[in-house]
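Data first, discussion second: the structure below is written as structure tokens.
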Amino acid sequence: MDASARELTRFNVISSRIRLARNVVGMPFPSARRREDPKVLAVLASAAADAARGFMDFQLLYMRELDDIRKNALVERHLISPMLARNTANGAVLLERSESISVMLNEEDRIREQCIVRGFDLEGAYARLSGYDAALAERLPPAFDRELGYLTACPTNLGTGMRASVMLFLPALRLAGAIEEEVTAMIRDRGMTVRGVYGEGSRAKGDMYQLSNTHTLGVTEGDIIAAVQRAALELCLKESVALQALARKKGAALYDKITRSYGILTNAYKLSSSELMNFISDVKMGVILNILPLKSTKTLDKLLVWCSAANLAAVTGDCDATLRDMRRAAIVKEILGKEKL
């Protein structure tokens, strides 16, 4: 990626993710309606851990051993899916301690591997994950067909079994009404989809959208990565143009909206999670337009994770909503106060 592309995506691509769906030769696909031999999970967990040794520092977590707060915290950090969180009978995740790689066991497929990296780096995420995938395949031969490729529980994942996605921040396009109209049509025609923060079926929050491929059959992993990269760059360019147009058209109103949101974040006594999402979206626009005393959006993105409901409860203890909102406001005020220095 050249310097111009890197600059174009610096603020608007929050993270990049590669996900691989795999099943095992001779092992039926997972089923919520079928009672399973507990030895199946033991086999999967043993192989996943063996492949990770020497590759990464990890921990193995079983859904049956985690309370709802811990599981929801993992969902909020995009480390497990809501489907896996519900599988208390035989679900587990192998999690890199740095939280870049996670390997879900007995989700929709037997194995769902993913690697998430900050910024626009799909190739880097794929390089890391493919190394682990190769090591795991030596221990658990994947279900594979010469014509169809990797065999998956859902036909839409057949072939490479790969989803390449980027998390995009697109406030100006949303305000212009282009997400639902022009952008969605453009992406769909190229075998892409734009979804909410938590993927299929979820709503966009804080003006964050997940762009990913829909075609996995008849294409290579390299084809998929290149297509998602091109689409992401085009969306970032459209967002930049839309934001500049918004600033020209609604300069005073936009400036007031941004500075009011920043004032609330740095002075509020309590903040709900939805308020935090909305105000941070405004403040991030202020950072991009260079009208606030913050140099980066990285801390703002981290605050959305640190102060999400389950992650906040996991750190501060299970408390009622009012106390949680007060603690969220105090954390945000403290962190943003340091960012100005």
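The values are calculated or read from the model by the stated rules, or taken from the named source; none is laboratory data. Just so it is clear, the structure is predicted and the values come from calculations on it, not from any experiment. A quick note on method: Cβ atoms are made from the backbone with ideal geometry, for glycine too, and the neighbour counts reach across all protein chains shown.
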Can you tell me which condition residue 20 does not meet? The list is (1) in a loop (DSSP other than H, G, I, E, B); (2) under 19 Å from residue 153 (Cα atoms); (3) of a type outside the set (Asp, Glu), and all the others hold. (1)
Scan the range 203-216 for residues that are at pLDDT 85 or above and surrounded by fewer than 16 Cβ atoms within 10 Å (Cβ to Cβ) and jot them down. 214, 215
Pick from 302, 270, 295: which is part of a helix (DSSP H, G or I), more than 30 Å from residue 151 (Cβ to Cβ) and not β-branched (Val, Ile, Thr)? 302
So residue 108 ticks every box in (1) touching a helix residue (DSSP H, G or I) at 6+ places or on another chain (Cβ under 9 Å); (2) part of a helix (DSSP H, G or I); (3) of a type in the set (Asp, Glu) but one. Which box is left unticked? (2)
Filtering the range 1-32 down to residues that are among the small types (Gly, Ala, Ser) and either closer than 17 Å to residue 125 by Cβ or modelled with pLDDT of 95 or more (or both) yields 5, 15, 16, 21
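Please enumerate the residues belonging to the range 74-96 that are part of a loop (DSSP other than H, G, I, E, B) and crowded, with 19+ Cβ neighbours inside 10 Å.
Scanning the range 74-96 gives 78, 79, 80, 81, 87, 90, 91.
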Among 323, 235, which is the only one that is buried (at least 19 other Cβ atoms within 10 Å of the Cβ) and out of contact with any helix residue (DSSP H, G or I) (no Cβ under 6 Å at 6 or more places or on another chain)? 235
Among the residues of the range 190-202, is any loosely packed, with under 15 Cβ neighbours inside 10 Å, among the acidic types (Asp, Glu), over 20 Å from residue 121 (Cβ atoms) and at pLDDT 95 or above? no
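Filter the range 28-60 for residues that are of a type in the set (A, V, I, L, M) and loosely packed, with under 14 Cβ neighbours inside 10 Å and give the result. Talk me through it step by step, then tell me what you get.
Taking the range 28-60 as the starting set, the residues that turn out to be of a type in the set (A, V, I, L, M) are 32, 40-45, 47-49, 51-52, 56, 60.
If the condition is that a residue be of a type in the set (A, V, I, L, M) and loosely packed, with under 14 Cβ neighbours inside 10 Å, then 32, 42 are the ones that fit.
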For the range 283-319: of the residues being free of Cβ contacts under 8 Å to residues at least 40 places away in the same chain and closer than 13 Å to residue 271 by Cα, which is surrounded by the fewest Cβ atoms within 10 Å (Cβ to Cβ)? 303
